Amino acid sequence: CPLVTVAATNNALTGLPDGLCAGLGGSLSSLSLSDNRMATLPEDIGQLRRLVTLNLNGNRLTALPASFARLGQLVTLGLGANRIAPLPADLS
């Protein structure tokens, strides 16, 4: 049974394990990582090609990796309460 939703909010996470995004790329449609302590996202986040909803509110992000532009199915993106400025040209 493929994993479609991951909710890991309020866990004081500072990052994601290496290879996690690549391993879930074919099935994951919803990822909630809000209210953690992440300052960066892994470059392989662009491999989450079926991702529709991504909640990153309340972290310490200052930038998004270039591979973020490959999230072609993304409909809902939460980036509130982060430190990102400006958004990459691919996303604006």
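Details
- Förster-model FRET efficiency, 30 Å R0, Ala7 and Glu43, C-beta, rounded to 0.05: 0.85
- Sequence-separation-based contact order of region 26-92, relative, with Cα cut under 8 Å and 6+ spacing, percent: 33 percent
- Backbone HN-Hα couplings from phi across region 66-79 [Karplus 6.51/-1.76/1.60, Hz, Gly and Pro as x]: 4, 5, 4, 5, 7, 7, x, 8, 4, 10, 10, 10, x, 10
- Cα gyration tensor shape of the chain, rounded if a/c is under 1.5, else prolate or oblate by comparing a/b with b/c: oblate
- Amide H contacts for Asn55 (H built 1.01 Å from N in the peptide plane; partners 5 or more residues away or on another chain; cut-off under 5 Å): Leu31, Ser32, Leu33, Gly78.
- Placing +1 on the Cβ of every Lys and Arg and -1 on the Cβ of every Asp and Glu, with no other charges, gives the chain a dipole of roughly 100 debye about its Cα centre.
- Prolate/oblate/rounded label for region 1-51 (Cα gyration tensor, a/c 1.5): oblate
- Carbon + sulfur, % of accessible area of the chain - ligands and nucleic acids excluded, 1.4 Å: 51 percent
- What the chain shows is 56 Å² of accessible area per residue, with the surface traced by a 1.4 Å probe over protein heavy atoms.
The values are calculated or read from the model by the stated rules, or taken from the named source; none is laboratory data. The structure presented is a predicted model; accordingly, all values stated were derived computationally and were not measured. Here the Cβ is made from the backbone with ideal geometry for all residues, glycine too, and neighbour counts use every protein chain on show. Just the protein is used for accessible areas: all its heavy atoms, side chains included, with ligands, DNA and RNA removed. Shrake-Rupley method; radii C 1.70, N 1.55, O 1.52, S 1.80 Å.
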